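The values are calculated or read from the model by the stated rules, or taken from the named source; none is laboratory data. Predicted model only: the values in this text are computed from it and were never measured. Don't worry about glycine lacking a Cβ; one is built from the backbone with ideal geometry, like all the others, and counts go over all protein chains shown.
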Amino acid sequence: MEIVVAKRLSKYFNSLKAVDNVNFEIVKGECFGFLGPNGAGKTTVMRMIYCFTPPSSGTVNVFGMDVRKEPSRIKSRLGVMPQEDNLDPDLSVFENLVVYARYFDIGKKNSAPFARELLDFVGIKEKADVYIKELSGGMKRRLILARSLINNPELLILDEPTTGLDPHSRRTVWEKLNSLRKKNTTLILTTHYMEEAERLCDRVAIMDSGQIVAIDSPSRLMEIHGGNLEDVYLKLTGRSLKVNF
Amino acid sequence: MKIRRAFRVWQRNFTVYTKLYKSSIALNFVEPVLYLAALGLGLGAFVREINGVPYIKFIAPGIIASSSMFAAIYECTYGTYVRMTYQKTFDAILATPVNLDDLIAGELMWGATKSLMYGTIIIAVISFFGLVDSPMVILAIPVLFVTGLIFSQISVIFTAVIPGIDSFNYFYTLFMTPMFLFSGIFFPLDNLPRIISNIAFFTPLYHLVNICRSLSSGQFTVIIWDIFWILAVAAILSPYPFKLMRRRIVK
């Protein structure tokens, strides 16, 4: 079953084509990665899926609903882990989750025990009552992950979930994402780490200058084009990922 | 726009407020009392009476109005701007079922609520000091919500169009402060050049001061026109905070 269907999807910012006529389908339970350097259009695609940025042309349907027409109903069923830290600095770690749950009409009676469970899940239970500024970068990312799960989403959208994390925190996030996959949560992530894509993704879309240049499983791509995933990228786009870091 | 979802945004601001209220209540409460003491007692020693009313009693109802204005304006300029840009609270909220219109409605409702709260505190304080003649002053409370909404609308409109946080100085210096000084809080506008009262007529604070002063002295009929003015202006302004915020945030 398709969870996300994008057809001839484009996004222009004035004359810049951030996303240029892309097509893809993401099915239930898979982990789908958008791979590419900064500025390739990955984040813009994600933002169109979670109804933040309206498409310039083409369509995106999520859970069979048009992002332009049913944003609230779509958003009530998905979780978003954005690239930047937008935790609420005026609230404690625990309150961040409970207040966020309210936006989904989940009352404190249900959200409070679940929030504790989620803090335990991401391994920051002991930080429940501290303020955001007292958290390390890795803890903030894990809290954002916990927050994105507060409504028990069917679809989780992760924009560069591990960028800037130390190896330990990165591994923790990967473990958590893998355990979500086992629970049949559909995952969409962007990354420019090859290892992350190979470890987590069932399929990847390689993006370059707003276009999708290939969609397949990492293993198939490597089989067809030879070498590792980075070699595949180099071959497909004519440049290395590394120069863009 | 859904009221329930707008309420969630209001609720978020309320939750944060209840954590910080001790410091912010004190600050917002000290300033009007300082005005009352300095001008009412200090200047009042020389001015004595205006239109037969002791000076401190003349300015007291005006302080209800100004205090409630400051509450809404600071909330929906500085507060809204910080939530929108630095804290990215808006981005976080917009990834939930709450949409932009709900979010803006919640911000406006919260600004209006703060106006109501701060004005009501001043009503209590000046009543306590015997500076109010009529219990009719209670009727000013719902009015404070509507004028609070207007101040919030104007503030959100400005917040939506400014390039950076420093631009608020223009808003405070060129709009808020002149309005505060020339809305009839400290002196009647009758004796000033006609142009000043003509301009004042177009500001919400002038009408709120009229309403607070009339109700404090037990007159009701004279404010019908002011009430009509604020309801009309709140309605006229209503689409613009949404339109302009949409233009700023939706990219």
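The rows are residues; the columns are (1) more than 27 Å from A:Asp216 (Cβ to Cβ); (2) within 9 Å of chain B (Cβ to nearest Cβ); (3) crowded, with 20+ Cβ neighbours inside 10 Å.
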| residue | (1), (2), (3) |
| --- | --- |
| A:Met1 | no, no, no |
| A:Arg8 | no, no, no |
| A:Leu16 | yes, no, no |
| A:Glu25 | no, no, no |
| A:Gly29 | no, no, no |
| A:Gly41 | no, no, yes |
| A:Met48 | no, no, yes |
Just give me the residues in region B:218-239 being touching a residue at least 40 places away in the same chain (Cβ under 8 Å) and either under 18 Å from the mean Cα position of the chain (by Cα) or surrounded by 17 or more Cβ atoms within 10 Å (Cβ to Cβ) (or both), in sequence order.
-> B:Ile227, B:Ile230, B:Leu231, B:Val233, B:Ala234, B:Leu237, B:Ser238
With region B:84-183 as the region, which helices (runs of 4 or more DSSP H) entirely inside it contain at least 1 residues that are in contact with a Leu (Cβ under 8 Å, 6 or more places away or on another chain)?
-> B:89-94, B:100-128, B:140-161, B:177-181
Looking only at region A:50-76, and only at residues there that are over 22 Å from A:Val204 (Cα atoms) and more than 10 Å from chain B (Cβ to nearest Cβ), the one that is surrounded by the most Cβ atoms within 10 Å (Cβ to Cβ) | A:Val67
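Quick one: which strands (runs of 3 or more DSSP E) lie wholly within region A:1-98 and hold at least 3 residues that are hydroxyl-bearing (Ser, Thr, Tyr) and at pLDDT below 95?
Per the criteria, no element qualifies.
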Test each condition in (1) of a type in the set (Asp, Glu); (2) more than 14 Å from every other protein chain (Cβ to nearest Cβ); (3) closer than 23 Å to B:Val9 by Cβ for A:Glu95 and report the one that comes out false.
-> (2)
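Say we look at region A:103-139 and pick out the residues that are of a type outside the set (A, V, I, L, M), surrounded by fewer than 18 Cβ atoms within 10 Å (Cβ to Cβ) and not in a helix (DSSP H, G or I); which of these is nearest to the other protein chains (Cβ to nearest Cβ)?
The first filter runs over region A:103-139 and keeps only residues of a type outside the set (A, V, I, L, M), leaving A:103-105, A:107-111, A:113-114, A:116-117, A:120-121, A:123, A:125-127, A:129, A:131, A:133-134, A:136-138.
Now drop any that are not surrounded by fewer than 18 Cβ atoms within 10 Å (Cβ to Cβ), which leaves A:105, A:107-110, A:113, A:116-117, A:120-121, A:123, A:125-126, A:129, A:131, A:133-134, A:136-137.
Now narrow it down to the ones that are not in a helix (DSSP H, G or I): A:105, A:107, A:123, A:129, A:131, A:136.
On the way: A:Asp105: 7, A:Gly107: 11, A:Gly123: 22, A:Asp129: 12, A:Tyr131: 10, A:Ser136: 19 Å.
Residue satisfying both the conditions and the ranking: A:Asp105.
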Answer with yes or no whether A:Leu158 is assigned to a helix (DSSP H, G or I), surrounded by 20 or more Cβ atoms within 10 Å (Cβ to Cβ) and either within 14 Å of another protein chain (Cβ to nearest Cβ) or in contact with a Gly (Cβ under 9 Å, 6 or more places away or on another chain) (or both).
-> no
